[in-house]
Amino acid sequence: MTLSVLGGLVLLGGCGALVAVTVSHAPKPRTLPTTEAPQDKAPGKDAPSEDPAVEEGSPEADVKVTRCAVDSLTTWPDAVVEIVNHGDSKATYVVNVDFLDDSGTRFGKGLAATDTLAVGQKATEKAQGLVKVPGKVTCRVSKVTRYPTN
């Protein structure tokens, strides 16, 4: 029994080290549009979105942040993203969102995804952060992956 527990702990430690090395060597994300949660509005209200400064036809051009907010109860950030499939076939999207402080430092991240989106179809998804936000938050799409589906 003790050996099983020790073996499990060693395995978990090894996985943690692998994740740490992978994350530290990950490429720096491209700067994409950001949306800031307004301070004078109640959490959950819509915030204006900036126009994407991305290449037309790229997966990033299919996604925009439509809301960036902090939940008043949990103080966790979230971003609502609108995904429109501008490709030429059905696709599945995975959207990574960074939550930034006033200085532009990332203090959290969230993930939104949609499955089998038809050409021209629109979906609205939520990327949820799991860290407490000390104050003002800005949401930035850091990566979009588009997978063709049948």
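Of all residues in region 82-113, those that are open to solvent by less than 20 Å² (accessible area, probe 1.4 Å) and part of a strand (DSSP E or B) total 11. When Asn150 is tested against (1) part of a loop (DSSP other than H, G, I, E, B); (2) under 8 Å from the mean Cα position of the chain (by Cα); (3) of a type outside the set (Ser, Thr, Tyr), only condition (2) is not met.
None of Thr145, Thr116, Thr124 is surrounded by 12 or more Cβ atoms within 10 Å (Cβ to Cβ), assigned to a strand (DSSP E or B), of a type in the set (S, T, N, Q) and more than 16 Å from the chain's Cα centre (by Cα) except Thr116.
Going through (1) outside any strand (DSSP E or B); (2) open to solvent by less than 50 Å² (accessible area, probe 1.4 Å); (3) without any contact (Cβ under 8 Å) to a residue 60 or more places away in the chain one by one, Glu60 falls short only on (3).
The values are calculated or read from the model by the stated rules, or taken from the named source; none is laboratory data. Computed from a predicted model, the values in this text were never measured in an experiment. As a convention, Cβ positions derive from the backbone with ideal geometry for all residues, glycine included, and neighbour counts pool all protein chains shown. The protein model used for the area step is the full one, side chains on, heavy atoms only, and it has no ligands, DNA or RNA in it. Shrake-Rupley method; radii C 1.70, N 1.55, O 1.52, S 1.80 Å.
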